[in-house]
């Protein structure tokens, strides 16, 4: 009679253990990379302004309002000995004001995505101001940007800050004082008046 040999099958428990370890490594990698992405969303861009967004799509910068107020306090050309005014100064002020408005409006659920688009458009106007240093349209662009910023402040004020109407009205008046017919570099007083008025409004809306 032929002998029947029975071979014992080796268990494959080690294979399942290996797969479990691999799965844990993959999960850990996904988790940590996800946290890095979230952190990056709130990091600063090339201008030092955070690029996070709230649920309504409104750009939110940590300390955006504070950053604008600090900029106004330290960069007012009326306080410098030579009264230097450049398109870079005006464009930077517009960007910082846009960031401040976005920061203030982060809880403005009624503004929604439209408010985010308007803040973005304001930043775009600042970029156009720097595109062509010799352009004769700088006064027009600045007037348009200032008027848009005043409107944004007014919209946010009416929805959320009924007691700050006087400060916001001053911003509108300062924006209207910028003439489209005069070279922008000759309107130092008007430019500074606008940013000073905007700073007062931002303080009232914080």
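The values are calculated or read from the model by the stated rules, or taken from the named source; none is laboratory data. None of the values given here were measured: they were computed from a predicted structure. In this analysis, Cβ positions are derived from the backbone assuming ideal geometry, glycine residues included, and neighbour counts consider all displayed protein chains.
A count restricted to segment 108-126 and to residues that are at pLDDT below 80 and in contact with a strand residue (DSSP E or B) (Cβ under 9 Å, 6 or more places away or on another chain) stands at 1. Here the condition is being closer than 21 Å to residue 188 by Cβ, at pLDDT below 85 and crowded, with 17+ Cβ neighbours inside 10 Å; of 129, 136, 97, it holds for 129 alone. Restricting attention to segment 168-192, the residues that are under 17 Å from residue 88 (Cα atoms) and assigned to a helix (DSSP H, G or I) total 8.
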